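The values are calculated or read from the model by the stated rules, or taken from the named source; none is laboratory data. Treat the numbers as computed from the prediction; the structure is a model and nothing was measured. No Cβ is skipped: glycine too gets one built from the backbone with ideal geometry, and neighbour counts run over all protein chains shown.
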Amino acid sequence: MTSILVGGLEIVGPMGPRYAEILTPEACRFVADLCQRFDGRRRELLARRVERQREIDAGKLPDFLPETAAIRNGDWQVPPPPPDLVDRRTEITGPVDRKMAINALNSGAQCWMADLEDANSPTWENVVEGQINLLDAIRRTITYTSPEGKLYALKAKTATIVARPRGWHLEEKHVRLGGQRISASLFDWGLHFFHNARELIARGSGPYFYLPKLESHLEARLWNDVFLHAQAALGLPRGTVRATVLIETILGAFEAEEILYELREHASGLNCGRWDYIFSCVKKLRNRPEYLFPDRTLITMTVPFMRAYALHVINVCHRHGAYAMGGMAAQIPIKHDPAANDAALAKVRADKEREARDGHDGTWVAHPGLVQAALDAFGRYMPGPNQLHVQHDVTITAAKLLEPLRGPITEAGVRWNLHVGVRYLEAWLGGSGAEPIHHLMEDLATSEISRSQLWQWLRFGAKLDDGRPITAALYDELLADELRRIRAEYGAERYDTGHFKAAVELFMRLSKSEEFAEFLSLPAYELLP
């Protein structure tokens with residue numbers, strides 16, 4: 001392995017075309033400084049996550065913090081949004097792949113969540129070229145020519161860019177400081193901010209971000225301190241950065257108000273990251289027998305604990321002038337089957353109309369073909385740019401956020417978790433972080449929910465609705481059947497030359513392990529180039 005030293009950082013990944021435009025000495029020094037100042041606190045907060053899990057396992061379930069009651073009862077407000085974040089009724093999400101970036105920016109959505117996290121397989125190539133693509137998109141020089149010769153370029157009007165760096169728990173193995181891997185969060189965020197903050201401001205926008213996987217207000221405080229330091233280092237005014245936090249962990253939900261408070265001069269809102277939220281609920285409550293979750297298809301936004309979560313986010317945001325963003329519609333158009341396509345669009349419309357009626361200020365879709373359906377749903381129920389006036393006359397208690405969900409575990413549910421869990425992981429290991437599977441656009445939360453449910457069902461010796469016990473042998477039997485189906489669908493050559501062997505080994509090892517692995521992405525990352 002060869003390495004080069006740039007701006008104090010040791011780069012051990014290969015330097016491809018244009019990589020030097022991103023990994024400049026000045027940018028690397030900026031990132032190195034962030035890491036030296038803030039990485040110690042990041043590690044302390046990750047250790048606190050482990051401690052908190054031990055407390056939950058021992059019986060101390062999540063609750064609202066008594067020491068921060070004054071914040072929850074306080075009369076404080078976040079600043080008004082900048083002009084290009086006033087109307088966020090439809091945001092499209094997707095990886096920072098060049099072609100997909102152009103399509104997202106041209107989609108007609110108000111914003112593009114440029115995803116360096118769950119929809120991006122973090123190969124070194126994807127990570128650095130994603131930064132190049134953001135650089136070009138912001139300067140409107142981005143183009144792409146397909147192998148068939150089709151040219152992709154930006155339209156006159158494009159979506160506002162909101163970038164999502166990787167979470168606090170992840171590290172970038174291709175970059176070291178003092179012999180240690182650096183924080184992937186600070187690497188992603190720092191490079192984008194350093195190269196693009198001034199350019200975005202000059203073009204009438206600003207450095208806007210989504211922050212993933214936060215589990216406490218202290219983790220939000222760390223981000224806020226990063227923002228304050230970085231703005232001062234580049235000579236930008238306080239409050240230039242605007243951040244929307246994904247409430248996609250059960251612990252984050254209990255500290256949603258405090259998270260917003262910690263970021264308040266930089267805050268834009270909160271988002272209901274529903275798929276990772278489900279994963280977090282299963283993960284954090286995995287050792288509690290009263291929380292044996294049923295088939296994942298039964299965990300919808302209308303079941304009591306998910307309903308409480310959505311209303312809680314809306315009320316918290318609107319009390320303080322922040323936007324409450326709805327969750328992801330994962331459906332994608334089904335071009336070869338008009339009837340199935342109509343059914344998929346009907347599901348999207350129903351989901352988005354529910355969000356709009358509830359008082360969300362905008363929503364997410366995963367495909368350009370769904371943008372209009374979401375726009376129509378919000379246009380019907382939200383005539384203005386937001387619904388900050390909406391407050392639900394309901395008190396969201398800890399009991400409501402933690403209400404157990406009863407329901408069956410079926411063979412079909414086990415098969416689905418095995419099928420999509422392995423199939424998505426295979427694609428991720430091959431460099432694709434946003435993968436269409438059975439007409440749904442899946443990201444890493446797909447495999448995470450799947451393997452965490454499989455682990456929990458095995459942990460408690462659960463039974464299928466027909467009385468059969470759930471065992472490791474049953475998983476092996478059903479998986480073999482599902483793999484035959486996938487191989488028939490893919491074709492032998494594509495299947496055999498793919499990453500199924502590694503995906504199956506890792507996915508099943510984590511699904512059956514004695515100890516639960518906090519994130520599938522951590523061991524999976526070690527298999528990436």
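Here are the numbers:
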| read-out | value |
| --- | --- |
| Selection from region 99-148 of residues that are acidic (D, E), closer than 17 Å to S185 by Cβ and not in a strand (DSSP E or B) | E117, D118 |
| A230 vs. criteria part of a helix (DSSP H, G or I), closer than 27 Å to H318 by Cβ and of a type outside the set (S, T, N, Q) | no |
| Search result, residues across region 290-349 that are touching a helix residue (DSSP H, G or I) at 6+ places or on another chain (Cβ under 6 Å), farther than 26 Å from R406 by Cβ and part of a helix (DSSP H, G or I) | V316, L345, V348, R349 |
| Within region 153-189, tally of residues that are of a type in the set (A, V, I, L, M) and in a strand (DSSP E or B) | 7 |
| Selection from region 233-276 of residues that are assigned to a loop (DSSP other than H, G, I, E, B), surrounded by 23 or more Cβ atoms within 10 Å (Cβ to Cβ) and not hydroxyl-bearing (S, T, Y) | V241, I247, E248, E255, L263, C272, G273 |
| Per-region count, region 2-55, residues among the acidic types (D, E), loosely packed, with under 13 Cβ neighbours inside 10 Å and within 22 Å of H169 (Cβ to Cβ) | 3 |
| Positions within region 495-518 being surrounded by 12 or more Cβ atoms within 10 Å (Cβ to Cβ), farther than 15 Å from A472 by Cα and either aliphatic (A, V, I, L, M) or out of contact with any Lys or Arg (no Cβ under 9 Å at 6 or more places or on another chain) (or both), in sequence order | G498, H499, A502, A503, A517 |
| Some residue of region 144-157 being under 26 Å from G379 (Cβ atoms), of a type in the set (K, R) and assigned by TED's automatic domain parsing to the domain that holds P385 | yes |
| Residue match in region 439-458 (condition: surrounded by fewer than 17 Cβ atoms within 10 Å (Cβ to Cβ), modelled with pLDDT of 95 or more, over 29 Å from A343 (Cβ atoms) and not charged (D, E, K, R)) | no |
| Qualifying residue in region 417-435 (condition: assigned by TED's automatic domain parsing to the domain that holds L483, in contact (Cβ under 8 Å) with a residue 60 or more places away in the chain, over 20 Å from the mean Cα position of the chain (by Cα) and outside any strand (DSSP E or B)) | yes |
| Region 511-524 residues that are farther than 18 Å from H169 by Cα, paired with ones that are surrounded by fewer than 13 Cβ atoms within 10 Å (Cβ to Cβ) and modelled with pLDDT of 95 or more (beta carbon under 6 Å, 6 or more apart) | K512/A472 |
| Any chance A339 is farther than 27 Å from P81 by Cα and free of Cβ contacts under 8 Å to residues at least 24 places away in the same chain | yes |
| Qualifying residue in region 327-339 (condition: over 17 Å from L440 (Cα atoms), surrounded by fewer than 20 Cβ atoms within 10 Å (Cβ to Cβ) and not charged (D, E, K, R)) | no |
| Lone qualifier among L375, L401, L388 - being over 30 Å from N106 (Cβ atoms), touching a residue at least 60 places away in the same chain (Cβ under 8 Å) and buried (at least 16 other Cβ atoms within 10 Å of the Cβ) | L401 |
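Yes or no, residue by residue, for (1) in contact with a strand residue (DSSP E or B) (Cβ under 7 Å, 6 or more places away or on another chain); (2) outside the structural domain of I161 (by TED's automatic domain parsing); (3) hydrophobic (A, V, I, L, M, F, W, C):
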residue	(1), (2), (3)
G269	yes, no, no
W275	yes, no, yes
I278	no, no, yes
T302	no, no, no
F305	no, no, yes
L311	no, no, yes
H318	yes, no, no
P333	no, no, no
D342	no, no, no
